[in-house]
1. Decide, for region A:164-248, between rounded, prolate and oblate: order the square roots of the alpha carbon gyration tensor eigenvalues as a ≥ b ≥ c, take rounded if a/c falls under 1.5, and otherwise choose prolate if a/b is larger than b/c, else oblate.
2. Name the residue farthest towards the positive end of the dipole of chain A from the options A:F246, A:G202, A:S9, assuming +1 on Cβ of Lys and Arg, -1 on Cβ of Asp and Glu, about the Cα centre.
3. Given R₀ = 56 Å, what would the calculated FRET efficiency be for B:E104 paired with A:R34, taking r from the Cβ atoms and rounding to 0.05?
4. For chain A, what's the relative contact order in percent, using C-alpha pairs closer than 8 Å and at least 6 residues apart?
5. Please work out the FRET efficiency for the pair A:S80 and B:C3, using the Cβ-Cβ distance as r and a Förster radius of 51 Å; give the result to the nearest 0.05.
6. May I ask for the distance between the Cα centers of region B:35-94 and region A:123-158, given as a whole number of Å?
7. Identify, among B:A23, B:G57, B:Y44, the residue whose Cα sits farthest towards the positive end of the charge dipole of region B:1-99, taking +1 on the Cβ of Lys and Arg and -1 on the Cβ of Asp and Glu, with the dipole about the Cα centre.
8. Label the protein assembly as shown by shape, choosing from rounded, prolate and oblate, from the square roots a ≥ b ≥ c of the eigenvalues of the Cα gyration tensor; if a/c is under 1.5 it is rounded, and otherwise prolate applies when a/b is larger than b/c, oblate when it is not.
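What follows draws every value from the coordinates through simple rules; no lab data is involved. The structure presented is a predicted model; accordingly, all values stated were derived computationally and were not measured. Neighbour counts run over all protein chains shown; Cβ positions are idealised from the backbone, glycine included.
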Amino acid sequence: MKLAAQTISSEVVDRLNRILHRGVYASPNEFDVRFLKRELEKLRDADVAFGWALFGSYNVLLGDLSETERCFSASFRLASVPAASGNYHASLCNLGYFNRAHHYFVEKGRPELGILSHMRDEAASTGSFQTAVAYSKEAESMGIALGPELNDRYVRAAKVLANAGVSDDDVTRHLDFAGEVLRRHKLFFINDIQVNVSDVDGEFIGVTCVLNVRKSPVDAFELNVELAELEQEMGLQKNPAFDVMFLPL
Amino acid sequence: MTCDSASYLDASKKIQAIAKDEATCRAAVSRAYYACYHRCRSYYAALPVLGVIVGKGVHEQLINCLGNPSPKLTTNARARSVALGKYLRQVCDARVHADYAPDEVMTSEKMNQALATSEMIFHQAAVKKGPVE
């Protein structure tokens, strides 16, 4: 999931996104990563609050949650930068903590707080379907402009899941199992989560979140077997209306 | 059976090879799904213990059966069945899109993904001969 940039930082954010797009955890000793760190240090001198937030995203590349948290906390103590809030949400998702990201969105995405437009689409694409729809309606009734309408796919997903009694909390807890498998293998999912929605009665009704990974077809299948084992081990009560899987990119 | 699941997949690949427009892409996806459906149905029927049938319609039922296998199976057999259920669900979803959502674009990428997923289903859902888990 891509990070959002501010004008002065777009090159650095592009660099961050390129490393993230490799789909595997980076090492701090790699040339690209050391170069990025030096650029981030310069940027932090110019814009301390957003700089710390980007350091948080840098630590995501290394798979380091505690450093990610520390850097974002430093940023939030200094100033409230909307793009930083969006990047914190994206960072939690990139590290596979979807349920935490969902609760962050529930708290910080409320329309009256003014940063919904920075988080809504990303939150909807990572399982907060019903909350994103509800907040969009609230914003509309309050006369708050959010830009383009929420993707119809997410609206349909929210409807199918609400009808089946599956909450955003259920969805993101299930996604967390996939996050756990990704962390075990030091992997990131690539691009946005593919949200498939089928709502043809008598054929198939359900929502599937597909996480694309840079693995061979056979290795990706084995990740799904591992995910299935984890779901069983943790006693996940699956609702037929929702599932999560990996596919090779 | 006069037309086995592999024949459906072969037909799907032939359509994929000539697919230059959306309607043909949709046809390839649709045939691929039925190949997977029959392959998975044979796989499921060959499991030593079957699960409980839940859901409306044969497609949803098979996906749910694979996704909720009998607890009497070994951990590995259960996990493989669940993983196959996820794959079948993915191709079923593509097929519902192909056949019932003409207003939603069907790209060649989506067709290729459905075919690649189908290949993996065929690879993983081969019915084993000999000792069963």
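1. On the way: a/c = 1.86, a/b = 1.41, b/c = 1.32.
Prolate is the answer for region A:164-248, as a/c is 1.5 or above and a/b outweighs b/c.
2. Positive-end residue among those listed: A:S9.
3. Values: r = 45 Å, r/R0 = 0.80.
The value I calculate is 0.80.
4. Working: 378 pairs, mean separation 44.2, N = 249.
Dividing the mean separation by the residue count of chain A yields 18 percent.
5. On the way: r = 64 Å, r/R0 = 1.25.
Taking R0 as 51 Å, the efficiency between A:S80 and B:C3 is 0.20.
6. 34
7. Of B:A23, B:G57, B:Y44, it is B:Y44.
8. Numbers: a/c = 1.93, a/b = 1.71, b/c = 1.12.
Prolate is the answer for the protein assembly as shown, as a/c is 1.5 or above and a/b outweighs b/c.
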